[in-house]
Amino acid sequence: MSEDIKIKKLAKNLVMITLDEEGKIIQSEMEKLISGLIETQPSGLKKLLKLILNETKRLEYGYSAVVEFNGKSDQRMVDNLVQKLDTLTVGKVELKIVETPTIIAGYRVRIGDDVIEDSIASRLSNLNKSFQ
Amino acid sequence: MSAITDLIKREIENLSTDATRTNVGTISTLADGVAQVEGLSKVMFNEMVEFPNNVLGIALNLEEDSVGCVLLGDTSSLKEGDEVRTTGKLLSVPVGKALLGRVVDAVGRPIDGKGPIDAEKQFPVERIAPGIIPRKSVDQPLQTGIMAVDSMVPIGRGQRELIIGDRSTGKTTIAIDTIINQSKINKQGENSGNPDFRPVFCIYVAVGQKNSNIARTIKLLESTGAMDYVTIVSAPAAVNPANQYLAPYSGCAMGEWFMENGMDALIVYDDLSKHAVAYRQISLILKRPSGREAYPGDVFYLHSRLLERSARLNENNGNGSLTALPIIETQMGDVSGYIPTNVISITDGQIFLETDLFNKGIRPAVSVGLSVSRVGSAAQIKAYKKVAGKVKLELAQFRELAAFSQFESDLDASTKARLDRGARIVELFKQGAYNPVPVEIQAAVMWGMQNDFFDSIPVADISRAVESLKDYLETQGKEPCEQIYKTGKLEEDTERNLRSAFEDWKRTFS
């Protein structure tokens, strides 16, 4: 097994021990893990921390949705979105609402590596592509 | 102006306003035209992915939590962390007659400055080769216009004939000659008004070549008027290896359109050695396990799946064909190299070009012993079959006898006669570049050889005599050639006419 694969596997296993029963990261466990690693200073620490960060991000994406919109957020729209996303995913989804002026109008939801988008920016981009 | 507004209106009307669902990932590493992307969990193998700034890529390595993508455009604007999106489409290229006369890149985009290509259809670059049922055996000739090839290693429509040899031995010249000859035959056929005439459309795929060489080829094809029937797929050495890897498959998809629509096409892959090198480069960057000469384990499949797509389809499937002329460059004449042996085993024969012959001035430098066509005389017109049947054997015997006779001072009459005949055949087969000879004239010249019309001419004058004879047969003595062209046969009447034409010509030749 190459060094890269070994270190990737180690990062994955380390993150696994910080998870609760629902598969979510327990913050205190993660803090303990990081401080332990910094204390012991294993070889390739920087790479290992980077991989742990990636793995954490990957897991977080799985149970949190980032909703980007422009303008005022509407509670009814948020409730509808949460309801809809709960039917699409396994387990409860945490919603993060972010204001992104570049989408002009509409919304863009990212959950895991799936993106659901209905924004003016994406329509303009599609129109631009159709002319090329 | 109104056309532009109409176009914009039409595009707006056709534009989908539904919410879109895409799968995204982020670039984690980027090197040598290959990006490792995290995410993209729903990407398909060989799917086209979209990077920022309209750069396209293909997902080639699907790993547990990342995807290896080869990039097809300018990578200088990309950086780590950029978003990558799936497109839901396999890589496709435009196909059809709109591509004739055009120069395109590996993904079918025009690079000749002649404006956009109005192609009606797109074909995926990777397709499964026709199976056993729709195929039929090769039985129609595809004339190269090169006497040494058409007589000794005839090529049929739907065949895969490898052109192999060291650098600068005339491999590309044979391929280009063949393309030029197709255009001549196409024009002749179209002018004849024969409803059964089937033109051959050509695709020339340039992989890993110098831009100057490709430009020279384009200029040559344009100056000979062949470009009307040709599409050039260009992936020069200057573009990234992903484009070089893709170009042959793109060209093949373009050729398949002709085949599947009941037409005949010829594709030249120039060359597959560089294609294998580009694939090796990609595979090494993608960290795929390497084998012999650092090539990945599937380098045989790389070429077999490409060349198997050339076929002759039966009447129930449109009767079309795709003939392939792959080119392989050997090192120091070694045909037992890894890639040469792979491609030799896939193709239906090979034209081997020898450096020694080339340097001796025997051009095309076709090696009689090592060149073979597994389709054989099934791909020759009857007239040619009749006159060229024994020539390969005669020439092979000549080469062997010539080697032995170096040590022998006193030769018997029969050996001397064979040596004389062989030396004349060698001279007869000498042919200038980009000057293909119509098959009816080739058959007539070969007939003259078989009937001893060249025996009284000194060996040193044979080339001059052949040129003079060709001129004669194209002008004053064209009647027997026209008969061969029309019937494809060498009947008694034609032979009589040939004899009198040869006697006439001999009187004028000094």
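Throughout, read-outs are computed from the coordinates displayed, never taken from laboratory work. Everything numeric in this text was worked out from a predicted model, so none of it was measured. As a convention, Cβ positions derive from the backbone with ideal geometry for all residues, glycine included, and neighbour counts pool all protein chains shown.
A few points about this structure:
- Range of Cα positions in the stretch A:3-60 per principal axis (Å), largest first: 31, 24, 14
- FRET efficiency, B:Glu222 to B:Asp196 (Cβ-Cβ, R0 35 Å, nearest 0.05): 0.75
- J(HN,Hα) series, the stretch B:333-339, from Karplus relation 6.51 cos²θ - 1.76 cosθ + 1.60, nearest Hz, glycine and proline x: x, 7, 7, 8, x, 4, 5
- Placing R0 at 25 angstrom, the Cβ-Cβ distance between B:Lys89 and B:Asp112 gives a FRET efficiency of 0.50 after rounding to 0.05.
- Each of B:Met152, A:Met30 was scored by other Cβ atoms within 10 Å of its Cβ. Arranged with the fewest first, they read A:Met30, B:Met152.
- At q = 0.20, 0.24 Å⁻¹, base-10 log of I(q)/I(0) for the stretch B:273-357 (Debye sum, equal scatterers on each alpha carbon): -0.96, -1.19
- With eigenvalues of the C-alpha gyration tensor scaled by 5 and rooted, chain B, Å: 48, 26, 18
- Once the Cα atoms are used to define both axes, helix B:211-223 deviates from the longest principal axis of chain B by about 60 degrees.
- Three semi-axes of the equivalent ellipsoid, the stretch B:21-91, Cα gyration tensor, whole Å, largest first: 16, 13, 11
- The mean count of C-beta atoms from other chains within 10 Å of the C-beta of residues in B:36-46, rounded to a whole number, is 2.
- Note on chain A: semi-axes of the ellipsoid equivalent to its C-alpha gyration tensor, largest first and rounded to whole Å, are 36, 19, 13.
- Hydrodynamic radius by Kirkwood, which averages 1/r over all alpha carbon pairs of the protein assembly as shown, in angstrom: 28.7
- Counting every other Cβ atom within 10 Å of each residue's Cβ, A:Val78, B:Val153 order from fewest to most as A:Val78, B:Val153.
- Once divided by 2.2 N^0.38 Å, the Cα radius of gyration of the stretch B:132-190 becomes 1.27.
- For the stretch B:177-272, the direction-averaged projected area of the alpha-carbon convex hull comes to 6.1 nm².
- In the stretch B:375-435, trypsin sites (Lys or Arg not before Pro) in a DSSP loop with at most 11 other beta-carbon atoms within 10 Å: B:Lys390
- Normalised contact order of chain B, rounded percent, pairs of Cα under 8 Å and 6 or more residues apart: 15
- Sorting the Cα pairs of the stretch A:62-131 by distance into bins of 5 Å, from 0 upward, gives 4, 16, 26, 23, 16, 9, 5, 1, 0 percent per bin.
- For the stretch B:283-309, the residues whose backbone nitrogen is under 19 Å from a point 7 Å from the Cα of B:Glu80, taken along Cα to Cβ, are B:285-287.
- Every Cα-Cα pair of the stretch B:26-144 was included, and the share exceeding 25 Å stands at 40 percent.
- Nearest 10 degrees, 0 to 90: helix A:27-40 Cα axis against chain A principal axis: 40
- Listed pairs B:Lys121/B:Lys184; A:Lys9/B:Lys79; A:Lys129/B:Lys114; B:Lys114/B:Lys219; A:Lys24/A:Lys50 exceeding 24 Å between Cα atoms: B:Lys121/B:Lys184; A:Lys9/B:Lys79
- Placing +1 on the Cβ of every Lys and Arg and -1 on the Cβ of every Asp and Glu, with no other charges, gives the protein assembly as shown a dipole of roughly 320 debye about its Cα centre.
- Value of relative contact order over chain A, rounded to a whole percent, pairs C-alpha under 8 Å and six or more apart: 21
- Of the residues B:Cys69, B:Gly361, B:Thr415, the one whose Cα sits farthest towards the positive end of the charge dipole of chain B is B:Thr415 (charges of +1 on Lys and Arg Cβ, -1 on Asp and Glu Cβ, taken about the Cα centre).
- Sparsely packed trypsin sites (Lys or Arg not before Pro) within the stretch B:152-237, loop by DSSP, other Cβ within 10 Å at most 12: B:Arg167, B:Lys210
- Bridge type composition, chain B - antiparallel percent by DSSP, nearest 5: 55
- Positive dipole terminus of the protein assembly as shown, leading residue within A:Leu85, B:Leu90, B:Ser304 (C-beta point charges): B:Ser304
- The stretch B:1-89: relative contact order as a whole-number percent, Cα under 8 Å and 6+ apart: 31
- The calculated FRET efficiency for the pair B:Asp452 and B:Ser510, based on their C-beta separation and a Förster distance of 25 Å, comes to about 0.85.
- Taking GluC sites (Glu not before Pro) across the stretch B:375-479, the ones in a DSSP loop with at most 11 further Cβ atoms lying within 10 angstrom of their Cβ are B:Glu408.
- Other protein chain Cβ atoms within 10 Å, averaged over every residue that makes up A:103-114: 3
- Exposed GluC sites (Glu not before Pro) absent: longest stretch of chain A, with sites in DSSP loops and at most 11 other Cβ within 10 Å deemed exposed: A:23-132
- Computed from the alpha carbon atoms alone, the convex hull of the stretch B:420-510 holds 91 Å³ per residue.
- Size of electric dipole in the stretch B:386-508: Cβ of Lys, Arg +1 and of Asp, Glu -1, about Cα centre, debye, nearest 20: 240
- In terms of surrounding Cβ atoms within a 10 Å radius of their Cβ, B:Arg507, B:Arg85 rank from fewest to most as B:Arg507, B:Arg85.
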